[in-house]
């Protein structure tokens, strides 16, 4: 058994909150869902406002992350955003973001902001010591490994991060629905690499 689940970003400072809109209170960022000895950590660019409102990763109704994960051999049944807190213990899967600032559109996160967040990301990955990490966008990967991205080079990359194998898959946001086939392929390859059998396999 690994260590207990640790949220490495509890009680964020105001700098890690989204500004309130129309007098609404500011949104708190999502905590990292990490523990030592994970198999896999998914890494987003930043928490979106809808996800922050719901308090769960990839929680926007149009985001295809959870249906894609449910269809993969990384898990043994249907999972939804409400299940994210249990994922480290149930499946050895954790979640974090490169930047913890909450914004609706990740395009508002600057390249400089992403690069400045990489040392913190490395510390979080080192703590979790996963076998693999998967960036859920090319921008996050590009910040950690400048000049290494090959266009449409989804899948395993020829680099490691704090000892973890590195994978990249397309964004699962609704605006990237055309890339779903690549998402499914990368998740299937990850499952194979981690020794997870497909449901129904003999």
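The values are calculated or read from the model by the stated rules, or taken from the named source; none is laboratory data. Computed from a predicted model, the values in this text were never measured in an experiment. Cβ coordinates were reconstructed from backbone atoms using ideal geometry, including for glycine residues, and neighbour counts include every protein chain displayed.
Remarks
- Residues that are at pLDDT 95 or above and more than 18 Å from residue 193 (Cα to Cα), drawn from the stretch 65-82: 65, 66, 67, 78, 79, 80, 81, 82
Let's see how each residue does on (1) outside any loop (DSSP other than H, G, I, E, B); (2) out of contact with any strand residue (DSSP E or B) (no Cβ under 6 Å at 6 or more places or on another chain); (3) free of Cβ contacts under 8 Å to residues at least 12 places away in the same chain; (4) crowded, with 16+ Cβ neighbours inside 10 Å:
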| position | (1), (2), (3), (4) |
| --- | --- |
| 30 | no, yes, no, yes |
| 43 | yes, no, no, yes |
| 51 | yes, yes, no, yes |
| 66 | yes, yes, no, yes |
| 72 | no, yes, no, yes |
| 113 | yes, yes, no, no |
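- Exclusive hit being more than 19 Å from residue 59 (Cβ to Cβ) and crowded, with 20+ Cβ neighbours inside 10 Å, set 165, 181, 128, 191: 128
- Residue list for the stretch 148-162, filter: modelled with pLDDT under 95 and under 18 Å from residue 117 (Cβ atoms): 148, 149
- The residue list 11, 23, 62, 37 contains one member that is on the phi > 0 side of the Ramachandran plot, in a loop (DSSP other than H, G, I, E, B) and either surrounded by 16 or more Cβ atoms within 10 Å (Cβ to Cβ) or modelled with pLDDT of 70 or more (or both), which is 37.
- Only one of the listed residues (125, 102, 166, 118) is farther than 20 Å from residue 48 by Cα, in contact with a helix residue (DSSP H, G or I) (Cβ under 9 Å, 6 or more places away or on another chain) and either at pLDDT 95 or above or not in a helix (DSSP H, G or I) (or both). That residue is 166.
- Exactly one residue out of 167, 149 is touching a residue at least 24 places away in the same chain (Cβ under 8 Å) and in contact with a strand residue (DSSP E or B) (Cβ under 9 Å, 6 or more places away or on another chain): that is 167.
- Members of the stretch 82-99 that are part of a helix (DSSP H, G or I) and touching a residue at least 60 places away in the same chain (Cβ under 8 Å): 85, 88, 89
- Summed over the stretch 132-155, residues that are in a loop (DSSP other than H, G, I, E, B) and buried (at least 17 other Cβ atoms within 10 Å of the Cβ) total 4.
- Yes/no for residue 85 being crowded, with 19+ Cβ neighbours inside 10 Å, closer than 21 Å to residue 37 by Cβ and at pLDDT 95 or above: no
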